[in-house]
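Below: one structure, written as structure tokens.
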Amino acid sequence: MTTEEVWALRDLLGMDVVLVPIPARQKGPRIKNWPKLTAEDMNREAHIQALVNNANTGVVLGRPSGGLCSIDIDIDEEVERFLEYNPALANTLQTRGERGANLWVRAGHKAPPLTHYYFKGEPWGEWRGDGGLTVISGIHLCGERYRFLKRVHPIQIDFAEIRWPEGVSSIKQPSPLKGSPAPFGEAGESGVSPLAASSDSLYDSAGSTPSTSSTSLHDTGGSIALAIEAARAKQEFVAQYPHLEPYYERWIGRIHQPKPGARNEALVTFLTFLVHCVVPDIALLLALQFYDRNRPMWKDSREQHRYEAINHLGHVLAHYPETLTADEAKLYACLDERTQTTFRIGRDLASAQFEKTGNPTFFLSCQNLGHRTGLDPRQADRILKHLGALSVIEVVRKGTALRKGKRGTATTYRWQLSLKARDPETTAALHHSQPGAD
């Protein structure tokens, strides 16, 4: 990108727009705290130079860019149907990556944050507001260039005026598993993905947010109240997510003993690990449970803990392709988010066995994958078969179904791609995060 192209984008999107540099064929910025960028950063020469030096350019959406938002439609056929419901939006800025389209609008400060939409139980697209980012120019993950379908200024529209096509909803029905959290990128009851929600989100893990701020409770010597809140948080989590409790104990509870002043250190360590084990929204859920269960230990607020967790999850996910071979990274980039999660889980399980035995085989049932991702076992089975069709994994021994009086067995898979060892510099980069107060 040239300096002239930067100014052209600012002229098109508005001088209050916040642009962020992104490497070619990627969607995530490398710079830290990109959601905190403001229009003032667009006046810094160093920031402009970073935009020029990177092939892709993203737009920080919502309040940072004066209410600029985008409607990301993933399915080609649905773009036309959406415009039939919203003819005025046929006259707004439209861009395209690999498929579908992004329709750009100015919706003001009252629009909701990033929200995912579904049609017939499958991902349809997203409303991208606060907490969202859309790549507007450069090279897509799969090699295609981002294009302008209609290069005009974004129109002004209230979110309430937008009509969603019949069957399109921010709530996925039916829910995948009873007692399961929503999958990564899926909205909860509020219609907001917790991982992408803004700092003003009311997302509440298992209803366990303390009713009083941590600072006031600590200042007034409320250790008993904090302990009660912690006990209640654990009780509610176990009741609502019984299948996740063993994972919490195995991956967090037995390993990361809470210590004053070491909250952020533990958070970074177990989240870096959890990215390879569960869908990111579940990793966030477990991270919040770590905070809630150990309330008497912390002085930082739950919102600060949540912000740091989201920030580090995004950082690890953005850098994950660097741990792969070039061929693996190219394939990984073309997978959807749910399949990417299964890729990470399978590769991690195979790597663990390969280190022990030299054989990259692993066991994984659809039920177990469903618990790790929040998907119905049938959906999990389809994803595993898809990875099999892509020659990522192959079935070595098919499992048996659970029957009355007889336990089922998990299917044995062999990882068919290279298991390149992670270099020390990449591992160090994955663990890097801003230090917290406690």
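Values as computed for the structure displayed
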| item | result |
| --- | --- |
| Residue list for region 105-125, given a label point 7 angstrom along the Cα-to-Cβ vector of A160 and an amide N cut-off under 20 Å | 105-115 |
| Three-way shape call for region 326-419 based on the alpha-carbon gyration tensor, with the a/c threshold at 1.5 | oblate |
| Listed peptides 349-356, 99-106 by packing density, highest first (mean Cβ within 10 Å) | 99-106, 349-356 |
| Residue order, fewest to most surrounding Cβ atoms within 10 angstrom, among I255, I282 | I255, I282 |
| Which of E80, E303 has the fewest Cβ neighbours within 10 Å, and the rest in rising order | E80, E303 |
| Contour excess over end-to-end distance, with Cα ends at L390 and N368 and 0.36 nm allotted per residue | 5.8 nm |
| Distribution of pairwise C-alpha distances over region 223-309, 10 Å bins, in % | 17, 55, 27, 1 |
| Nonlocal amide H pairs with S365, under 5 Å, H built at 1.01 Å | T411 |
| Ellipsoid semi-axes in whole angstrom, largest first, where each is sqrt(5λ) of the Cα gyration tensor of region 3-169 | 26, 17, 14 |
| Estimated vicinal HN-Hα couplings, Hz - region 286-301 in sequence order (Karplus 6.51, -1.76, 1.60; Gly, Pro = x) | 5, 5, 5, 5, 4, 5, 5, 6, 10, 3, x, 7, 10, 10, 5, 6 |
| Residues with amide H under 5 Å from that of R397, placed H, sequence gap 5 or more | T412 |
| Amide proton proximity set for G100, modelled H, under 5 Å, gap of 5+ | D76 |
| Sorted by Cβ density within 10 Å, fewest first, the residues I345, I31, I224, I71 | I224, I31, I345, I71 |
| Region 274-326: projected area of the alpha-carbon convex hull, averaged over directions, in nm² | 4.0 |
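The numbers here are math on the coordinates, done by the rules we state, and not lab data. Because the structure is a prediction, the values reported are computed rather than measured. A quick note on method: Cβ atoms are made from the backbone with ideal geometry, for glycine too, and the neighbour counts reach across all protein chains shown.
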